[in-house]
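Quick notes on the structure that follows.
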Amino acid sequence: ARQSGRAFALEDVDRRPGRARQPGGGPSGSSPLIRSLRAKQPDLRRVAGAWHERFERDPPAALAEAMSLMLVVADAPSHVEVGREEIQDREPADVVQQLVAALALEASEKGADFTQHWLVSRERGAQRVRESYPALWRELTQTAPHRMLLDGLLQMLRDWTLALSECQFRSLRHVATVAALNIVDGLGSACQALQELCDTADVQIRDAEAQGANDRRSTLVAERDEAARAVSSLSAARDALGVALLSRRAKDVDPEIRRSCFEAMRRWAGVDAATFLEQQWTRYLHFGMGDRDPKVRSAVFAVLHDLLRDDPNVPAQIVAALIEHSKPKILARCHDVDPAVGAAAVRCVSSIAAREMLAESEYDPVIDLVWDSDAQRRVEAAAFISRFVLTEDILDYPTKNGPHSGGLMPTGAGGGAVARRRVT
């Protein structure tokens, strides 16, 4: 790739806290993407559509605008001017290396504050960024025409977000990771929409055959086949980007980045559980259960709980394989030092018991938690006992979500329930 001789321009700006933000905590800047993050109720679909039009006219300039968005949200210590000249015909890794060098030099000479304002601030502007920034990246991907994605847009977004997610500065690394994770979200939604298009086309093709409309049938078959090829290509791209992110950032030194990875994985599994039960994904859950940060562990067990639910669209043997490999760690985490993690693990054990994959001897450690000092674990243990130890479930659950809706009440049916399993 051609190396540009132009260096990044670092402007000498006010170093006071919030210098890159407007009153109220909103990010400063005049580009349409940045302005959308300041809006109270932004029309992100319209913003994404306008950006797609700019990308068609001038891809390097549109990409530079997206990079500038990440730098502004990350509160880069110096105001970095990123233009099309800095990124055109250059490798992303080279540009990021030059950017990091410029920021490091500036920080060593004048000092810098790398606080992730967009994550920790309670100002309204920062709250809007937390809501709109991830959603914007989803919209940029899921609303793009699939031909645009496959003709270069997706590859560019992948290369630049992955390169920035390797940045040594934690704030830049985090915003780039969040962007890439939500690109995967958008790809999943795009694949789902295209698959629905294929299903609808199948119905219309059968109708055309019944009516003898051969020309219409040929047109529908061509459209369906094109959509099916797009689903295959976009699914492969989604999986490649998702695995690349998890392999790098699920072990990041920053617990917020690790937690973001598993929270995103939960969203992905909600769209396509069968895919994310495969070993290339679940291996990250295995070591995530042992993460040193309790919030990360809780996020991991939230993913596991969703994957272990009874879903008729998911082959039972795939779930059984996950249970076989993860059950010992799940049982051990029922007694986690953090009560919220322990309660989340008990919920997973309940899902395993519902599938009748819990041995008799494995009930006792969970039953013992009904006398735990923490209320969260006691509630989950009581629900477990009522559902799987007693002959009848003696508890009512306040909402339709069942045993894990956040509260328990006796049924008041009268009489005493007896144990159907050994209780020690």
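The values are calculated or read from the model by the stated rules, or taken from the named source; none is laboratory data. Treat the numbers as computed from the prediction; the structure is a model and nothing was measured. A quick note on method: Cβ atoms are made from the backbone with ideal geometry, for glycine too, and the neighbour counts reach across all protein chains shown. To get the accessible areas, we keep the full protein, side chains included, count just its heavy atoms, and leave off ligands, DNA and RNA. Shrake-Rupley method; radii C 1.70, N 1.55, O 1.52, S 1.80 Å.
Structure summary
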{"quantity": "Test: residue in the stretch 359-371 that is at pLDDT below 85 and either within 30 Å of residue 280 (Cα to Cα) or in a strand (DSSP E or B) (or both)", "calculated": "no"}
{"quantity": "Qualifying residue in the stretch 179-194 (condition: of a type in the set (Gly, Ala, Ser), modelled with pLDDT under 95 and surrounded by fewer than 21 Cβ atoms within 10 Å (Cβ to Cβ))", "calculated": "yes"}
{"quantity": "Failed item, numbered, when residue 106 is tested on (1) in a loop (DSSP other than H, G, I, E, B); (2) modelled with pLDDT under 75; (3) open to solvent by less than 70 Å² (accessible area, probe 1.4 Å)", "calculated": "(1)"}
{"quantity": "Residue list for the stretch 254-283, restricted to those being among the acidic types (Asp, Glu), farther than 15 Å from residue 179 by Cβ and either assigned to a helix (DSSP H, G or I) or open to solvent by less than 30 Å² (accessible area, probe 1.4 Å) (or both)", "calculated": "254"}
{"quantity": "Options 113, 75; residue that is of a type outside the set (A, V, I, L, M), open to solvent by 30 Å² or more (accessible area, probe 1.4 Å), touching a Lys or Arg at 6+ places or on another chain (Cβ under 8 Å) and at pLDDT below 80", "calculated": "113"}
{"quantity": "Candidate set from the stretch 368-386 (those that are of a type in the set (Asp, Glu) and closer than 15 Å to residue 338 by Cα); member that is surrounded by the fewest Cβ atoms within 10 Å (Cβ to Cβ)", "calculated": "374"}
{"quantity": "Qualifying residue in the stretch 262-272 (condition: more than 18 Å from residue 188 (Cβ to Cβ) and out of contact with any Cys (no Cβ under 7 Å at 6 or more places or on another chain))", "calculated": "no"}
{"quantity": "Some residue of the stretch 121-130 being open to solvent by less than 20 Å² (accessible area, probe 1.4 Å), under 21 Å from residue 252 (Cβ atoms), modelled with pLDDT under 85 and touching a His at 6+ places or on another chain (Cβ under 9 Å)", "calculated": "yes"}
{"quantity": "Restricting the stretch 293-337 to residues that are among the basic types (Lys, Arg) and in a helix (DSSP H, G or I), the residue that is least open to solvent (accessible area, probe 1.4 Å)", "calculated": "297"}
{"quantity": "Residue that is part of a loop (DSSP other than H, G, I, E, B), modelled with pLDDT of 75 or more and in contact with a helix residue (DSSP H, G or I) (Cβ under 6 Å, 6 or more places away or on another chain), where the choices are 134, 42, 60", "calculated": "42"}
{"quantity": "Breaking point among (1) in a helix (DSSP H, G or I); (2) farther than 24 Å from residue 197 by Cα; (3) modelled with pLDDT under 95, for residue 251", "calculated": "(1)"}
{"quantity": "Condition broken by residue 3, with the remaining ones in (1) part of a loop (DSSP other than H, G, I, E, B); (2) modelled with pLDDT of 80 or more satisfied", "calculated": "(2)"}
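For every residue, the table says whether it meets (1) free of Cβ contacts under 8 Å to residues at least 24 places away in the same chain; (2) closer than 22 Å to residue 290 by Cα.
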residue	(1), (2)
179	no, no
210	yes, no
233	no, no
265	no, yes
